[in-house]
Every structure is written in structure tokens, then in C-alpha cells.
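Trainee: Have a look at the structure that comes next, please.
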């Protein structure tokens, strides 16, 4: 891996955006006041005492006269006039990661040097606290106080982090152009090696999938969706160890153990973290606490960009509705598995126990090892330098897989990162994705057994186009699938005992409507639905229940026949 030319830690003047120069003046004589040159580097341009011309204000697209707009509130020694966009508002940006002036940036809370002007000259005071700096792809450094001067405002505050995920010395070298471009394949191989050396996986490709997922956390805001990783297995199968490795290399890692739900909402919205939820066991509906339901709500919504979760919050004496963004990468580990819609948001990895003699089961993860910091350093630079390449691949990647639209949407970010690294890795990842989705579909069929059994029965029972009675035909056929045992009574008659839990005729009617069967009528014998072989085949195909689809079935012919039946 190519690295740093040398480890210089001297300051360098902060770069400016390419736009017309503002008028710069000083307010007052500056004695006993900050000159505003706070910098994580211990120096830099005097950005904080820029005063923009009252007649013209600078925008990202040129100049715009906005005499009616009032200046933003200023600090005691500062005086800013906001630069408004064409619609009269500042552009909102996220404090953790995003795009500013078409440049990718990361927000970091870093220790900083503060210059103070006194009668005896300038003193440099190192503050104990940390401050938010936005570091862009070309090494520009922006502090929160000057963002309004270049047309931006933070949409939220980043929550304080004690750990600097990107090492300061590496940032300084990056800012001074002392770092070569990172090689994606070398970074990939280094991360994959950590998974392989410490975990006994079932599938050979699983360390690669976890590596691609971890690398992708630095790019996830570029994607419309980002899949969860679901680690499923018994106790002592290495689930927590996988999380430990992933948390050491992923972007803004946050472990949610014993975290209050209110805190969880804020961390996701304000830090855009990679969230790790260990021991998240699915409970029966009647046993779920309000916190359990809210976490499930976060998980159901948080795989897609732009989805918010409404929540009532108390402000003073009033309760106010607030919408929280919950989109971020998430890794979930449990024993019980997933139910409902959650499996469709996950890439599932089954974990197993290592053998006693296997050294992988004995190793432990030291989060303070230098290698983790080295990997994160390279990933920050890789994302800043190469985000446009990844975005271009993602936007133009065609579906040449066996994945359906929903599965393709989920896997597309991972496949884009693989394609970015090399074509050979991409092809291997496609094969794994196809296999993983097939297995998940079979499991999904079994977990939603009532729906599956109903369609299975209808595939066998429906033999002509007509209305079928729900109770006397469909129900009587379906109920045979719920026989627990049979016995012969004293009179020699066969008696049937059904399982305690079984569907009703009312459930069949609701399920057929849910599946989209619209042909309905009723007479004195009960409710009827219009069904045919082709209608059932269409339902099975759309639900991708591959085990019910006969081999050599032409889906297009099936769709044409459905349309003909509907017209008739």
C-alpha cells in the first residue's frame, strides 16, 4: 500500500473555494479579542473576521443582490452577512459527511489551536475542547463559524466524539498533499485478511462481503439504499467478534448496547454512524416494550435514504412532532433470526462455532492496534479522492444478475464497491449475491408458511377458470395441511385432530385480497373468488416463490395469458 511521503505536522493556510474574493475588513482594533484564526493545524487564514460587501453577496453560482436579507447573528468579535442561495436560503449540509459545492467532505471533532490578539502580540492557546472541522476532498478546511459566509448552514449538530477516527497527523499530511492516492485493492486485501485470520466462516466469500460492506460505509450517503448485515447464529459463534472487527474499520462506528432509544435517534440523525446492534432478539408482539417497537421502526425504515420516522418530543411544557432521519449502515446480531420485512433489508451471514483446536476461536480483537487506525486513515482518503468514481459506477451499473428489482436495489451498493475494486471481485460477488438471495427466499417461504401453503394448495387445486368458494373448496383443501394426527375411534371411523393454530376462511379471503385477487362475488353458499392457473402462477412469480414455479415456465407467456383473462 502506498502511504505518506513524510509526517509533517506544520500548519498550512486553509484553501478557499474558487469564487470571487470577498471584501475583508477588521472590526475594532482587535485588542484582547480573538482574530478568529482557529485551526486544527494551529494556524491558517483569518477566515473568521471576513465581512462580505453589503451591496453584493457571493453565491455558488455568481453574485446575487439580497439587500432585504438580515445578517446572521454574530459572535462578539465577528460580523457575518450570510450568502444566500437563489431561493433566499442557505444550503443545509450535514455535519458528519456529505457534499458541499460538489465536493465530498467529512466532519470531524478535532482539538484545535486558538490565536488570541493581545496588546503584547498574538498568543497561541491550545484549547482542551474540540471543534468541528469539515475536511473536503482537496484538503480544504472549514469551520462551522464560516459556513454561512460561503452559502451553507449545518442542518444539525454533530454529537461529541472522544475518539478521532481519522488520525490528526494523517489529516495534516493529506491537507499538505503529502499522501499518494490509496489503492482500493490493497486496502480491500488488508481488511479481508483481518476477517479471515480471526473468524471461522462457513462460506469462502463471506470475508469479502463484510470487507466490501465496511468499505462502503464511507460512501453510503451516495447510495439510495444500504443493506444491513444480519449475523445469525447460536452463542459463541463469533457474532460479536465480527462486529468488533467491523467497528474498528467502519465509518463513525457506534455500538448500541444498552443505549436509550432517544439517544439512538439522535446519534443516527446527527452522526450518520455505522450502527452495531448486538443481541437484538425478536420478541413476541405482546412481550415487546415500547423501546423494542421503536428500534424495529428504525430498522424497517433506515435502509433507504430520505425516510424519516416521526416521534413526539417534549420541549418545555409542550409535546412537539419531530421527524428523524434514520438512514445509516447497520449490522445486527442475534440468535432468534428476523421476521416481517426485516429479512428483505439484510444480507444474512450464518455464523458457526470454531473447533477447539482452531486458533481463530482463541484470538481476541484489540481495538487499539495500530492497524485499525492505518486502515481508517486510508479509507477516509480513498472516499475523498475516489467518491466520484464510485458514484459513477453506482449510477450506471446495469443488472446483469439473477436478482429481482428489490434484491438488486439492496445489493447494488455492495456490487458497486466490488466493481470499483476490480471486475474479478465483482463477478465473485454477483455469484454470492445470487446464491444468498435464493437461500433467503427459501427461508422466507418457510417463515411465512400460511401464505406459502395457501399458494401451494391453489397451485394444485385450481384447474380451470371459474369462481371458487372460499369455505367449501379452498378452506377444506387448505386445512388438510394443518392435520396434526389421525386416529380410529371405537366405531372404526377415522378422526382428525388439527393443529391448534390454523387459518380460518375469513383469513383466506383477506389474504387473497392482499395478494391482489380482485374477482369476487357472493351467493347463498358464501364468498367466491375468480381464479385460474395463470392467475396463481402470476402471484407465485411476482412473489418469487421459486420452489413453486414449474421448470421451463415462460413468465412472459404467463403475463400475456393473465391480461387476456382480465380482458375477457
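Trainee: Hey, does the range 178-195 have a residue that's free of Cβ contacts under 8 Å to residues at least 24 places away in the same chain and either in contact with a helix residue (DSSP H, G or I) (Cβ under 8 Å, 6 or more places away or on another chain) or in a loop (DSSP other than H, G, I, E, B) (or both)?
Mentor: Going residue by residue through the range 178-195, those that are free of Cβ contacts under 8 Å to residues at least 24 places away in the same chain are 189, 192-193.
Subsequent filtering for residues that are either in contact with a helix residue (DSSP H, G or I) (Cβ under 8 Å, 6 or more places away or on another chain) or in a loop (DSSP other than H, G, I, E, B) (or both) retains 192.
Yes, because at least one residue in the range 178-195 is free of Cβ contacts under 8 Å to residues at least 24 places away in the same chain and either in contact with a helix residue (DSSP H, G or I) (Cβ under 8 Å, 6 or more places away or on another chain) or in a loop (DSSP other than H, G, I, E, B) (or both).
Trainee: Where in the range 386-491 are there helices (runs of 4 or more DSSP H), lying wholly inside it, with at least 2 residues that are in contact with a strand residue (DSSP E or B) (Cβ under 9 Å, 6 or more places away or on another chain), surrounded by 14 or more Cβ atoms within 10 Å (Cβ to Cβ) and not assigned by TED's automatic domain parsing to the domain that holds residue 349?
Mentor: On the way: elements: 405-421, 423-447, 449-461.
Correct list: 449-461.
Trainee: Only one of 219, 201 is assigned by TED's automatic domain parsing to the domain that holds residue 245, buried (at least 16 other Cβ atoms within 10 Å of the Cβ) and over 25 Å from residue 271 (Cα atoms); which?
Mentor: Values: 219 fails: over 25 Å from residue 271 (Cα atoms).
Going through 219, 201 in turn, just one is assigned by TED's automatic domain parsing to the domain that holds residue 245, buried (at least 16 other Cβ atoms within 10 Å of the Cβ) and over 25 Å from residue 271 (Cα atoms): 201.
Trainee: So, in the range 180-235, exactly how many residues are more than 27 Å from residue 353 (Cα to Cα) and out of contact with any strand residue (DSSP E or B) (no Cβ under 6 Å at 6 or more places or on another chain)?
Mentor: Of the range 180-235, the ones more than 27 Å from residue 353 (Cα to Cα) are 180-187, 216-226.
Applying the additional criterion that residues be out of contact with any strand residue (DSSP E or B) (no Cβ under 6 Å at 6 or more places or on another chain) yields 180-187, 216, 218-220, 222-224, 226.
Residues flagged as more than 27 Å from residue 353 (Cα to Cα) and out of contact with any strand residue (DSSP E or B) (no Cβ under 6 Å at 6 or more places or on another chain) within the range 180-235 amount to 16.
Trainee: Taking residue 171, is it buried (at least 21 other Cβ atoms within 10 Å of the Cβ), in contact with a strand residue (DSSP E or B) (Cβ under 8 Å, 6 or more places away or on another chain) and more than 28 Å from residue 265 (Cα to Cα)?
Mentor: Values: buried (at least 21 other Cβ atoms within 10 Å of the Cβ): yes; in contact with a strand residue (DSSP E or B) (Cβ under 8 Å, 6 or more places away or on another chain): yes; more than 28 Å from residue 265 (Cα to Cα): yes.
Yes: the conditions hold for residue 171.
Trainee: Within the range 279-313, which residues are over 21 Å from the mean Cα position of the chain (by Cα) and either modelled with pLDDT under 80 or under 23 Å from residue 410 (Cβ atoms) (or both)? Outline the logic, then answer.
Mentor: Taking the range 279-313 first, the residues over 21 Å from the mean Cα position of the chain (by Cα) are 283-290, 312-313.
Matches in the range 279-313: 283, 284, 285, 286, 287, 288, 289, 290, 313.
Trainee: Here's a follow-up. Please specify each residue of the range 501-531 satisfying the condition of being over 12 Å from residue 451 (Cα atoms), in a loop (DSSP other than H, G, I, E, B) and touching a residue at least 40 places away in the same chain (Cβ under 8 Å).
Mentor: 519, 525 - these are the residues of the range 501-531 that are over 12 Å from residue 451 (Cα atoms), in a loop (DSSP other than H, G, I, E, B) and touching a residue at least 40 places away in the same chain (Cβ under 8 Å).
Trainee: Out of the residues in the range 225-246 that are assigned to a loop (DSSP other than H, G, I, E, B) and under 20 Å from the mean Cα position of the chain (by Cα), state the one that is farthest from residue 201 (Cα to Cα). Full working, then the answer.
Mentor: Here is the first cut: in the range 225-246, the ones assigned to a loop (DSSP other than H, G, I, E, B) are 226-227, 233-238.
Adding the requirement that they be under 20 Å from the mean Cα position of the chain (by Cα) leaves 226-227.
Details: 226: 23, 227: 20 Å.
Per the criteria, the residue is 226.
The values are calculated or read from the model by the stated rules, or taken from the named source; none is laboratory data. Fair warning: this is a prediction, and the values are worked out from it, not measured in the lab. Please note: Cβ atoms are built from the backbone with ideal geometry, for glycine as well, and neighbour counts cover all protein chains shown.
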